[in-house]
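I have placed the structure first, in the form of structure tokens, so that the comments after it can refer back to it.
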Amino acid sequence: MKIGHVDIDNPLCLAPMEDVTELPFRLICKRLGADIVYTEFTSSEGIIRDIPRIMEKIQISEDERPVSIQIFGGRPEAMTGAAQAIEKLKPDFIDINCGCWVKNHVARNEGAGLLRDLPLFEQIVKATVKGTQLPVTVKTRLGWDDSSIVILDVAKMVEAAGAKALTLHCRTRSQAHSGFADWSWLEKIKKAISIPVIGNGDITCPEDVKAMLETGCDGVMIGRGAIANPWIFKQTKHFLKTGEQMPEPSSEEKIQICLEHLKLNVQYKGEKYGVQTFRKHYVGYLKGLPNIAPVKSELMQYITMEEVIGQLERYLINNPPSLV
């Protein structure tokens, strides 16, 4: 799959996720086998106003390349300006979020709201392409609801508007994250357009990735399946190469990566805020470990990295590493 200078066969991509795909998490997923990572989706209006907390969301690192900055918006002028500003940060490409289902965004014709207004959708893509020399890609859904599946028209439209790839979350806006993703559309879209097509939706294990690739799509994007299991990228590559499952990481390995992620979070945000905002990750990293419940309760109270490290080191002493 080729997007600009990025050329990777069947890449595994980390999906853009609000409050999840911050720089530290992207670096962890990259180290565990993700081929392409995406920032959290970021407001074009905030970017053109140079709002500090918004600009912080799109800071990238050389260690995570190839990396895409994802933006959203309902005004073509803002998308052009945001693309111009982003170009200075030198991501590998810019992605447009046209699939977010959240009510306050769609009410402003942002995200999946564009699926109800295809002329505006087209203007948004063209305006973004106009603002940058970087490749521009699009992530969207099947349509607004089951009675308005417009993805084939959208796919042709975004290609004609200058997009260099299309990622499809194989649900409608009305589904949000409920129901099942309909992967059958991936094959239809591949026949309709010539730009790369990346599939997304309901990827939780290596077998899912293999099945999605068999639809003919060019790459696979993993979202919620990576939150509690960033090892999914490494596991999937092993499975696709050998046909065999990797052993689950040991408790020692899980805690090692957990602490590596915590240290990156502190480095990125400062100690107190870094430790506090990391609490959401304990559930995923420590899931399934024996006798872990009281430890997790303690971790949720800590505000220093030293406290967290000490608690987890004591846990390993009292619970020798074993496969879980």
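Coordinate-derived values only; no laboratory data. Treat the numbers as computed from the prediction; the structure is a model and nothing was measured. Here Cβ is always computed from backbone atoms with ideal geometry, including for glycine, and neighbour counts include all displayed protein chains.
Scanning the range 78-102 for residues that are under 21 Å from N200 (Cβ atoms), out of contact with any helix residue (DSSP H, G or I) (no Cβ under 8 Å at 6 or more places or on another chain) and of a type outside the set (D, E) yields P91, F93.
How many of the residues making up the range 178-206 are of a type in the set (D, E), within 18 Å of the chain's Cα centre (by Cα) and surrounded by fewer than 17 Cβ atoms within 10 Å (Cβ to Cβ)?
Initial filter on the range 178-206 (of a type in the set (D, E)): 182, 187, 202.
Retained after the next criterion (residues that are within 18 Å of the chain's Cα centre (by Cα)): 202.
Narrowing the set further to residues that are surrounded by fewer than 17 Cβ atoms within 10 Å (Cβ to Cβ) leaves none.
Qualifying residue count for the region: 0.
In the range 164-230, counting only strands (runs of 3 or more DSSP E) that sit wholly within it, the ones holding 1 or more residues that are of a type outside the set (D, E, K, R) and either without any contact (Cβ under 8 Å) to a residue 24 or more places away in the chain or more than 24 Å from D153 (Cβ to Cβ) (or both) span 219-222. L259: among the hydrophobic types (A, V, I, L, M, F, W, C), under 27 Å from D35 (Cα atoms) and either touching a Lys or Arg at 6+ places or on another chain (Cβ under 6 Å) or surrounded by fewer than 16 Cβ atoms within 10 Å (Cβ to Cβ) (or both), yes or no? In short, no. When I71, I86, I51 are checked against the criterion of being farther than 24 Å from R141 by Cα and in contact with a Ser or Thr (Cβ under 8 Å, 6 or more places away or on another chain), I86 stands alone in meeting it. Can you find, within the range 279-323, the residue that is nearest to the chain's Cα centre (by Cα) among those that are of a type in the set (A, V, I, L, M), surrounded by 14 or more Cβ atoms within 10 Å (Cβ to Cβ) and in a loop (DSSP other than H, G, I, E, B)? Here the answer is L289.
Out of all the residues in the range 47-61, which are surrounded by fewer than 19 Cβ atoms within 10 Å (Cβ to Cβ) and in contact (Cβ under 8 Å) with a residue 12 or more places away in the chain? Explain how you work it out, then say what you get.
Here is the first cut: in the range 47-61, the residues surrounded by fewer than 19 Cβ atoms within 10 Å (Cβ to Cβ) are 49-56, 59, 61.
Correct list: D50, I54, Q59, S61.
For the range 246-293, a residue qualifies if it is in contact (Cβ under 8 Å) with a residue 24 or more places away in the chain and hydroxyl-bearing (S, T, Y), and the qualifying residues are S250, S251, Y268, Y282, Y285. Only a single criterion out of (1) surrounded by 23 or more Cβ atoms within 10 Å (Cβ to Cβ); (2) farther than 25 Å from G4 by Cβ is not satisfied by Q175, namely (1).
Residue count for the range 1-46, restricted to those that are more than 23 Å from N229 (Cβ to Cβ) and crowded, with 23+ Cβ neighbours inside 10 Å: 3. Does T128 satisfy being of a type in the set (S, T, N, Q), assigned to a helix (DSSP H, G or I) and buried (at least 24 other Cβ atoms within 10 Å of the Cβ)? So T128 passes the test.
Candidates E159, E122: the one that is surrounded by fewer than 24 Cβ atoms within 10 Å (Cβ to Cβ), assigned to a helix (DSSP H, G or I) and in contact with a strand residue (DSSP E or B) (Cβ under 8 Å, 6 or more places away or on another chain) is E159. The one condition from (1) part of a helix (DSSP H, G or I); (2) among the polar types (S, T, N, Q); (3) surrounded by 20 or more Cβ atoms within 10 Å (Cβ to Cβ) that N104 does not meet is (3).
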